[in-house]
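Report on one structure; see the data block that follows.
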Amino acid sequence: MLSSFQFHHIGIATDSIAKTSSYYLKMGYVMSDIMYDPVQDVNISFLKKEGMPVIELLEPHSSISPVSKTLEKLGVTPYHVCYSVPDIDVALFELRREKFLPLFNPVQAVALSNKKICFLFNKDFGLIELVEE
Ligand code: NI
């Protein structure tokens with residue numbers, strides 16, 4: 001059920017993790033190491049602060065990254081919302097029924113301890129990421 005989805009993080013596209021993170025660091029967030037994600041061809045870093053939603057910064061590694069196109073159009077911007085789900089295949093089935101289209105089959109994400117992730121798009125929602133518990 002969609003009501004079982006738990007908020008996980010918000011992803012923000014940036015052309016510079018160093019520049020964007022500097023503001024979060026001033027706000028007291030703690031930054032993870034920067035990891036390379038081959039699925040999206042991006043460098044990723046997570047920013048955490050007690051009681052605050054987790055922020056993920058995504059910086060394209062090359063111009064072929066899908067995040068590059070978003071940056072060209074919009075500049076630094078929120079890019080996706082991620083929810084954790086107990087079973088990614090069940091969640092995919094339910095979201096397809098709600099007219100979300102998967103961008104690719106679930107894959108293991110290096111930046112999320114090899115947990116299974118998937119991205120889906122719906123024109124009235126935007127981009128959603130799922131991560132399996
Ligand atoms: Ni994400």
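The values are calculated or read from the model by the stated rules, or taken from the named source; none is laboratory data. Worth saying up front: this structure is predicted, and the values here are computed from it rather than measured. Backbone-built Cβ (ideal geometry, glycine too); neighbour counts: all protein chains shown. Protein only, heavy atoms only, side chains kept; ligands, DNA and RNA dropped before computing areas. Shrake-Rupley method; radii C 1.70, N 1.55, O 1.52, S 1.80 Å.
For the range 2-132, the dipole from Cβ point charges (+1 on Lys and Arg, -1 on Asp and Glu) about the Cα centre works out to 240 debye, to the nearest 20.
For the chain, the share of DSSP beta bridges that are antiparallel, to the nearest 5, is 75%.
Scattering from the range 19-133 was approximated by placing one identical point on each alpha carbon and applying the Debye formula without solvent; log10 I(q)/I(0) at 0.15, 0.23 1/Å stands at -0.72, -1.46. Rank Gly75, Gly28, Gly51 by mean-square fluctuation in a GNM of the chain with C-alpha springs under 10 angstrom and give only the top-ranked residue. Between Gly75, Gly28, Gly51, it is Gly51 that shows the largest mean-square fluctuation. GNM on the chain, alpha-carbon springs under 10 angstrom: the most fluctuating residue among Tyr23, Tyr79, Tyr36 is Tyr23. Exposure check, 1.4 Å probe, all protein chains in place: Leu2 carries approximately 70 Å² of accessible surface. Sorting Phe104, Phe119 on solvent-accessible area from highest to lowest, probe radius 1.4 Å, gives Phe104, Phe119.
Think of it as helices only: each DSSP H run of n ≥ 4 in the chain is worth -39500 (n - 2.57), and spread over all residues that comes to -6500 deg cm²/dmol at 222 nm. Accessible surface area normalised per residue over the chain is 57 Å², counting heavy atoms of protein chains with a 1.4 Å rolling probe.
Converting phi to 3J(HN,Hα) with the Karplus coefficients 6.51, -1.76 and 1.60 and the offset θ = phi - 60°, the range 49-62 yields 8, 3, x, 10, x, 6, 9, 10, 9, 10, 10, x, 8, 8 Hz in sequence order, with x at every glycine or proline. For the chain, the carbon plus sulfur part of the accessible surface works out to 57%, probe radius 1.4 Å. The angle between the Cα long axis of helix 88-97 and the longest principal axis of the Cα atoms of the chain comes to about 70 degrees, rounded to the nearest 10. 3J(HN,Hα) along the range 107-116: 9, 7, 9, 4, 6, 10, 6, 6, 5, 6 Hz, from the Karplus curve 6.51 cos²θ - 1.76 cosθ + 1.60 with θ = phi - 60°, whole Hz, x for Gly and Pro. If you run the Gaussian network model on the chain, springs between alpha carbon atoms under 10 Å, then out of Lys26, Lys49, Lys99 the most flexible one is Lys26.
Structural descriptor for the chain: relative contact order 26 percent, calculated from alpha carbon pairs under 8 angstrom and at least 6 residues apart.
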